[in-house]
4 protein chains.
Amino acid sequence: MRVGVLTGGGDCPGLNAVIRAVVRKGVQEYGYEFTGFRDGWRGPLDGVTVPLDIPAVRGILPRGGTVLGSSRTNPLNERDGIRRITDNLAALGVDALVTIGGEDTLGVATRLTEEYGVPCVGVPKTIDNDLSATDYTFGFDTAVGIATEAIDRLHTTAESHMRVLVVEVMGRHSGWIALHSGLAGGANVILIPEHPFDVDQVCAWVTSRFRASYAPIVVVAEGAVPRDGDLVLKDRSLDAFGHVRLSGVGERLALEIEKRTGKEARTTVLGHVQRGGTPSAYDRWLATRFGLHAIDCVRDGDFGTMVALQGTNIVRVPMADATARLKTVPPELYEEVGVFFG
Amino acid sequence: MRVGVLTGGGDCPGLNAVIRAVVRKGVQEYGYEFTGFRDGWRGPLDGVTVPLDIPAVRGILPRGGTVLGSSRTNPLNERDGIRRITDNLAALGVDALVTIGGEDTLGVATRLTEEYGVPCVGVPKTIDNDLSATDYTFGFDTAVGIATEAIDRLHTTAESHMRVLVVEVMGRHSGWIALHSGLAGGANVILIPEHPFDVDQVCAWVTSRFRASYAPIVVVAEGAVPRDGDLVLKDRSLDAFGHVRLSGVGERLALEIEKRTGKEARTTVLGHVQRGGTPSAYDRWLATRFGLHAIDCVRDGDFGTMVALQGTNIVRVPMADATARLKTVPPELYEEVGVFFG
Amino acid sequence: MRVGVLTGGGDCPGLNAVIRAVVRKGVQEYGYEFTGFRDGWRGPLDGVTVPLDIPAVRGILPRGGTVLGSSRTNPLNERDGIRRITDNLAALGVDALVTIGGEDTLGVATRLTEEYGVPCVGVPKTIDNDLSATDYTFGFDTAVGIATEAIDRLHTTAESHMRVLVVEVMGRHSGWIALHSGLAGGANVILIPEHPFDVDQVCAWVTSRFRASYAPIVVVAEGAVPRDGDLVLKDRSLDAFGHVRLSGVGERLALEIEKRTGKEARTTVLGHVQRGGTPSAYDRWLATRFGLHAIDCVRDGDFGTMVALQGTNIVRVPMADATARLKTVPPELYEEVGVFFG
Amino acid sequence: MRVGVLTGGGDCPGLNAVIRAVVRKGVQEYGYEFTGFRDGWRGPLDGVTVPLDIPAVRGILPRGGTVLGSSRTNPLNERDGIRRITDNLAALGVDALVTIGGEDTLGVATRLTEEYGVPCVGVPKTIDNDLSATDYTFGFDTAVGIATEAIDRLHTTAESHMRVLVVEVMGRHSGWIALHSGLAGGANVILIPEHPFDVDQVCAWVTSRFRASYAPIVVVAEGAVPRDGDLVLKDRSLDAFGHVRLSGVGERLALEIEKRTGKEARTTVLGHVQRGGTPSAYDRWLATRFGLHAIDCVRDGDFGTMVALQGTNIVRVPMADATARLKTVPPELYEEVGVFFG
């Protein structure tokens, strides 16, 4: 039995922990051999492989990124994509694929399994925690931890100068990172994509905070949008090099807060720092257990299946479930946390 | 409505986050007043209180320990304990109690509610994660994170000198911290109280590890015991000052490994470092949500109830359930992790 | 004897450690009393004070920011500034001032002492490490540590996607933070204000790095400028709200690298995270020793003097020396580090 | 030109940074080739080598430990030790040796150079910071940082339970780590080998601390000794396995404090955690610069020389100077810090 492994989409702390667990258990307990595919779906598409055995996974548990590389290549958009993949798997003698990725990667894996009989097992990965069918995804806890530490640090600088500090965190379509890090960091305002914000309300919270002699911290997910349309979030003008000027919601919101409240405001955009580096202990635990259960799915011939966390258990769910809809922050949870606003 | 709050038992990162959430929501949403009791049950027993209002909980979210102090005082063992408590509560006008603690503290709260009509709501607390009826307790994630970081650091010193490093972590009755930190830290042996260990087996793992040119890390819970009785874990002799000499399982095991394998072994006992300091983002999230839901129990008159985590939801369970039995590591989970041993 | 204390300019980890040391030694060893002035020179200017005694400095050692608040108020620019200060000091019975700040704050203190006879002692503070007459200033080590940790994290995300990552760190006039964190973080290019950069050279380093199958990290101080003027660093156009659009050198450089090399590039601007939060152990040590020696200067009547680090010793230098010229990165040091470029 | 590199003695964060800098500059700027020797002096003694070139040093900058391995082997104690080394160097074509180590390793290098004409350059290494002729050694800052973080964490647990916490840190012959981490961590008592302590004085400080409603933290270097001989620090009795029972000064002192003050005391022994894992940014900076200058010594034929830090400069000193005497904490520095005791 030869098993292929690939990692697709944006990188995420814990990918290496999954790879290591899949290989360690596959080799030691089931006697499998492995083929690593480079750069997500590009690997099986172009037949680009890397050796994957026990020595290859030594010492990778605490390392961020992925030793297999990643890409956003989608074989469904490539000419002859499916055929090239099945040909390459056959040529390499690969009998099953462990596909580690988010909505896109698993969407491809679902179709490959269901429509073309390629035996795939899925491992959910998204730093944003917005995949359905699993309580949490690995990488999320690390990102929340990094964002929280940054917010902790910004409190003292906000207080020393009595300024507003706006922190833009990841989360294009969901506010999980903003909600968790904002709550853990003691933010006074948390803005998420699921709940369009009212700039005047934000300014009212900011002002009331100053009135109580505190300096407010505003945590905003990169995908949060204003309710009333009075905040132009994307500037479509071109810069000197013909590039579209991008300026995130954090920077725009800070400018607007300054304008409306007369208080100094500063922005910090955490960016890629949130998704790199060593995974937290929790993410190593979750990623490792996902890997151990994924290889068990292979052994059981349970393809089209994805491993998922439910409570403290790792379970198996249809891969299609995970990609069916985005898991967003429920309104009642956002309201629960709202007691700390202002 | 006046609500008393107390924290009992060993300290745990996240206690202050609970206190803050209880007070913030209680004051802001329900208009309650609060009385802080000092040092666990000693507070209501002796009528020792501290002011507890919005200013008192400012800035305590990221701080370890408990602003209320703690103790292991058990009023059931005190003369007139129950009566003194009910008298003091009446005198102070306290209508309900939020009791934050582990098995002992909540056991007392259960009896006070059920047998003496004192309206108590429970918030589970144990750094060891061994309380039933909740998926996790706050403080645990912080402890696992600290232990994992220590194990990460010990790897390089083990490799540089090709030594065995034995790391003793907390866990008198359960192996959760050892299991999680050992897995996350890439330990080669993990020993837990639930599964008596065989010293020869440990030495075999150690030896096989060296044979593969690696230096082994052994993580052992402080309550782990040898299967075969050939490791004397407590030395009953007295020292020069008449104190009983204590030497933990980690130190004894290291000596024994040296003796049986001929390899140099060193021990690190992490001790209290695991339970102090700023809580992880996860623990702040969990503790805060516990606090928000506990004050809702008070509002609903839902006494004898404890808040608990199930999946991603905070639910209410009978307090008695939490203390009925210890939540230990299930054998199948220990076995699952065993693929990484040796 | 009554001693006033103030902190001026941008905040910096370690300010509280200085304040604590000044007060602890002043009270315990010399029996002094203290007056805290709020918000830098605004305190003595407007007579705004805070109590400053042993209880007031309890627990502040590990906390970022400054319990006295800070501002950039310059009394030399205020009508009757000097007279208002001398009047307030007299009215409050303040016999000497410990002034903790950078170039501006100490420049004022120098003139107050020399021209108006106000007895000031200086403690140097700049996160940028660019004050002359002292080997290091506190806060710098913390900033370098935070930037280095961010660079560590960015390596894995760069490698996983084979992208260029540009990290913009603090340093408007000097490249100390960029140089230290870039070297410690294993950056492949480090750009500093002291040495105008050549965009084509940067692109050549980036390209050669990719050729060796690595993903390059470019660390750039916020004040670094291109040698050849072909990179427009400030966009003077106005945005929808009439604000001047600001975009830092990091963002502009990334766009230019993409354009010239055809490789994907991303920017991270660390911003205020670098100057907030708990000071490193080194900064606590240095700040505390500065404080202990500053109060000794007061005792000795050694005014117009600043404490400074030389080797491992704390010495006294004329305050005027510190502000005479900026301490920039010497060319030979930049060249020494250049072996790691490309 | 072929240069050998070895690392001797206890491991220390920053060793890999030195190795990388030596090789990067040696290969890129001077065209040298390198031979890595395994396990300190054992390598040249037994002719055990590892490949050492640019790819071999990739990615090792942030890693603790040493890729070359280490040992305490002393060739002067081996039969024919000197001859075996000179023979092996000749056979391997090694023209010069970069020796990275502490007192012992450099002592051997000094004699090899002076008495036997083996061209050695020294790089000072001791986590204890007790080598003369250099302001600091790499590894020390990392150790102090880890110890300080532990002390930070212990404060909250001490306060919650009003206990004494004794923290034993490294430092057999000098108190640098205790002094720096104790000061940075806000300890109430710091005990160092250079200044024998009086148990009654310690207890008086502890008691006065409790009287002010604080819980004391006592930091003690492993080599600290009581002045009056009333604390038996080593128990010579044998345990059940015939091993000498070892119990450190921390544990003994805690027992004694309990006995004399009636207060609960707990001990934490940080142990090897202090010397493992990723180096701090400062240590990476210092180690890298040491490496860059060491290879310049080789180029200049400046053998018998050691690189050292003086202020912010890397200088060259005779290797013999470094090992001539231990650099201990001067009494006036210990006294300076004493203002925080009690």
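What to note about this one:
- Alpha carbon centroid spacing (whole Å) that separates region A:149-224 from region B:116-183: 32
- Taking a straight line from the alpha carbon of A:K25, not one of the lysines sits under 17 Å away once near neighbours fewer than eight places off in the same chain are left out.
- Summing charges over all other residues whose Cβ lies under 9 Å from the Cβ of A:D141, with Lys and Arg as +1 and Asp and Glu as -1, gives -2.
- Radius 9 Å from Cβ of C:T323, net charge of other residues (Lys, Arg +1; Asp, Glu -1): -2
- Cβ-based net charge around D:F303, under 11 Å, with every Lys or Arg adding one and every Asp or Glu removing one: -3
- Computed from backbone phi with θ = phi - 60° and the Karplus coefficients 6.51, -1.76 and 1.60, the 3J(HN,Hα) list for region C:171-180 is x, 6, 10, 9, x, 4, 5, 4, 5, 5 Hz; x is used for glycine and proline.
- Note on B:55-65: average number of Cβ atoms from other chains within 10 Å of each residue's Cβ is 4.
- Chains A and C together, accessible area buried on both sides, 1.4 angstrom probe, square angstrom: 3600
- For region D:1-111, a/c is not less than 1.5, where a ≥ b ≥ c are the root eigenvalues of the C-alpha gyration tensor, and a/b does not top b/c. That puts it in the oblate class.
- Take A:R227, move 7 Å from Cα toward the beta carbon, and the resulting point lies 5.5, 6.4, 7.0 nm from the same point in each other copy, nearest first.
- Separation in nanometres of the label points that stand 7 Å from Cα toward Cβ, at C:E115 and D:A212: 4.2
- About its Cα centre, the dipole of region B:141-274 is roughly 240 debye, where the only charges are +1 on Lys and Arg Cβ and -1 on Asp and Glu Cβ.
- Equivalent ellipsoid dimensions for region A:269-317 as semi-axes, Å, which come from the Cα gyration tensor, largest first: 27, 12, 10
- From most to least packed by mean Cβ count within 10 Å, the peptides D:302-308, D:79-85, A:21-27 give A:21-27, D:302-308, D:79-85.
- Rounded, prolate or oblate (a/c below 1.5 giving rounded, otherwise prolate when a/b exceeds b/c) for region D:1-47 by Cα gyration tensor: oblate
- Inter-probe distance in nm under a simple model that places probes 7 Å from Cα toward Cβ, at C:I54 and C:T312: 3.1
- For D:D198, label point 7 Å along C-beta direction: distances to other copies, nm: 5.9, 6.9, 7.0
- The dipole here belongs to chain C: it is taken about the Cα centre, uses +1 on the Cβ of Lys and Arg and -1 on the Cβ of Asp and Glu, and is about 660 debye.
- Between identical copies, the spacing of C:R260 label points, each set 7 Å from Cα toward the C-beta atom, reads 4.2, 6.4, 6.9 nm from nearest to farthest.
- Between amide H atoms placed 1.01 Å from N, distances below 5 Å from A:T268 occur with A:V166, A:V167, A:E168, all of them 5 or more places distant or on a separate chain.
- Solvent-accessible area, 1.4 Å probe, carbon plus sulfur percent, for the protein assembly as shown: 47
- Gyration tensor (alpha-carbon) shape descriptor, the protein assembly as shown, a/c threshold 1.5: rounded
- Residues listed by number, region D:199-215, amide nitrogen under 16 Å from D:E264 label point at 7 Å toward C-beta: D:210, D:214-215
- Dipole check for the protein assembly as shown: with +1 at the C-beta of Lys and Arg, -1 at the C-beta of Asp and Glu, and the Cα centre as origin, the magnitude is about 0 Debye.
- For the pair region C:23-78 and region C:288-314, the centres of their Cα atoms are 17 angstrom apart.
- Alpha carbon Rg of region C:140-276, scaled by the compact-globule rule 2.2 N^0.38 Å: 1.01
- Exercise: per-residue mean of other protein chain Cβ atoms within 10 Å, B:146-152: 6
- Chain C Cβ-axis minimum, rotational copy B, residue and distance in Å: C:T278, 5
- At an R0 of 56 angstrom, the distance between the Cβ atoms of C:D95 and D:R325 translates into a FRET efficiency of 0.80.
- Each of C:H173, C:H155, C:H180 has its accessible area taken with a 1.4 Å probe; listed largest first, they run C:H173, C:H155, C:H180.
- Note, ³J(HN,Hα) from phi for region C:10-19, Karplus 6.51, -1.76, 1.60, rounded to Hz, x at Gly and Pro: x, 6, 6, x, x, 4, 5, 5, 5, 4
- Average beta-carbon neighbours from other chains, 10 Å sphere, peptide B:157-170: 5
- For region D:244-299, the direction-averaged projected area of the alpha-carbon convex hull comes to 7.5 nm².
- Calculated P(r) tail over 24 Å for chain B, as whole % of Cα pairs: 57
The values are calculated or read from the model by the stated rules, or taken from the named source; none is laboratory data. Everything numeric here is computed off the predicted structure, so don't read it as measured data. Positions of Cβ are generated from backbone atoms using ideal geometry, with glycine treated the same way; all protein chains shown enter the neighbour counts. When the accessible area is computed, the model is the full protein with side chains, heavy atoms only, and any ligands, DNA or RNA have been set aside. Shrake-Rupley method; radii C 1.70, N 1.55, O 1.52, S 1.80 Å.
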